[in-house]
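All remarks here apply to the structure that follows.
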């Protein structure tokens, strides 16, 4: 089953992206809110702010509910999910560090890119100052705060919170030409002696258990986006009598979604049970993110084969959903992440299978 449905005559109307059992009216309502916010950054940020006070943190007993929330948003609109997910992740990071959370919208800027280097150094008063360029800063011009990683003098990396409205913060416009996630501008940001507050010790951001859990939250968004794409194929079999090939495509998509859903659900159980800490958590995240990414890419291909070109060229929602998911999936590093999983397996003392 791809998702719960409502019958309107002969029209199947799916809503939430299923991870939880049984059905959830609140998730169906969330889906509708995300549909309304689609394409509007201000509305997506307002939804993020509302969910920030209501959505569970990862690892405290309701991780599956958190991930279904992200998946449901993504099934409705991936740009909304791409706005909400880092906001919730930033709140979790700050709280994992036992720090107070400032009100407003949040992002997480932790990517590294050639030719862009952000450095943190002590200022005259002993506080930290950021200088340099940070790449891949989604919605920086729209946000109030961010968790940012920077290089520190001892050669390590450290996380900081930064007020993006401060003097010395400049979001570079005009570099984001993507057709997918077009509303979520993710260009570089320049910092010029900007005061910031540390979050954890050196390398804490990368070494904490929540790093793996946050990566799995992104995978939940990929899953939800794949559900949205798959639903167009499901709808097609009600538009005209399907032949054997159409039914094969539908069966293939269902298998991929079921495998991704099962992997996420098991991972959520492991997170809440304390089995996803340290190296075990990194292994689980690498494995499950790979499973979901491969499933989503296979669904994009299968749905494309099954539907042909028409929905991609005449249906705005479907064309945007496909383009959005293609871009979002590139947060998975494909063969390099598979190699990383292989390294985790190589270091195990007991064979996993």
Whether any residue in the stretch 155-164 is surrounded by fewer than 24 Cβ atoms within 10 Å (Cβ to Cβ), part of a loop (DSSP other than H, G, I, E, B) and either under 15 Å from the mean Cα position of the chain (by Cα) or in the same structural domain as residue 41 (by TED's automatic domain parsing) (or both) is what I want to check. no
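Of all residues in the stretch 33-59 being in contact with a helix residue (DSSP H, G or I) (Cβ under 8 Å, 6 or more places away or on another chain) and either modelled with pLDDT under 95 or part of a loop (DSSP other than H, G, I, E, B) (or both), which is nearest to residue 218 (Cα to Cα)? Give the derivation first.
Quick first cut of the stretch 33-59, residues in contact with a helix residue (DSSP H, G or I) (Cβ under 8 Å, 6 or more places away or on another chain) only: 33-39, 41, 43-49, 51-52, 55-59.
Going one step further and asking which of them are either modelled with pLDDT under 95 or part of a loop (DSSP other than H, G, I, E, B) (or both), we end up with 38-39, 55-59.
Working: 38: 18, 39: 19, 55: 15, 56: 15, 57: 14, 58: 12, 59: 15 Å.
Checked the stretch 33-59; the qualifying residue nearest to residue 218 (Cα to Cα) is 58.
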From the list 60, 94, which residue is touching a residue at least 40 places away in the same chain (Cβ under 8 Å) and farther than 19 Å from residue 281 by Cα? 94
Look at residue 344 and say whether it is within 24 Å of residue 235 (Cα to Cα), in a helix (DSSP H, G or I) and modelled with pLDDT of 95 or more. no
Being closer than 22 Å to residue 59 by Cβ and either assigned by TED's automatic domain parsing to the domain that holds residue 64 or in a loop (DSSP other than H, G, I, E, B) (or both) is true for just one of 275, 287, 261. Which residue is that? 275
The lone exception for residue 259 - which of (1) farther than 26 Å from residue 307 by Cβ; (2) in contact with a helix residue (DSSP H, G or I) (Cβ under 9 Å, 6 or more places away or on another chain); (3) touching a residue at least 12 places away in the same chain (Cβ under 8 Å); (4) surrounded by fewer than 20 Cβ atoms within 10 Å (Cβ to Cβ) it fails: (1)
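Take the stretch 126-148 and flag every residue that is in contact (Cβ under 8 Å) with a residue 24 or more places away in the chain and farther than 21 Å from residue 48 by Cβ.
Start the filter on the stretch 126-148 by keeping residues that are in contact (Cβ under 8 Å) with a residue 24 or more places away in the chain, which leaves 127-148.
If the condition is that a residue be in contact (Cβ under 8 Å) with a residue 24 or more places away in the chain and farther than 21 Å from residue 48 by Cβ, then 127, 128, 129, 130, 131, 132, 133, 135 are the ones that fit.
The values are calculated or read from the model by the stated rules, or taken from the named source; none is laboratory data. Not measured: the values here are computed from a predicted model. Every residue, glycine as well, gets a Cβ built from its backbone with ideal geometry; the counts of neighbours run over all protein chains shown.
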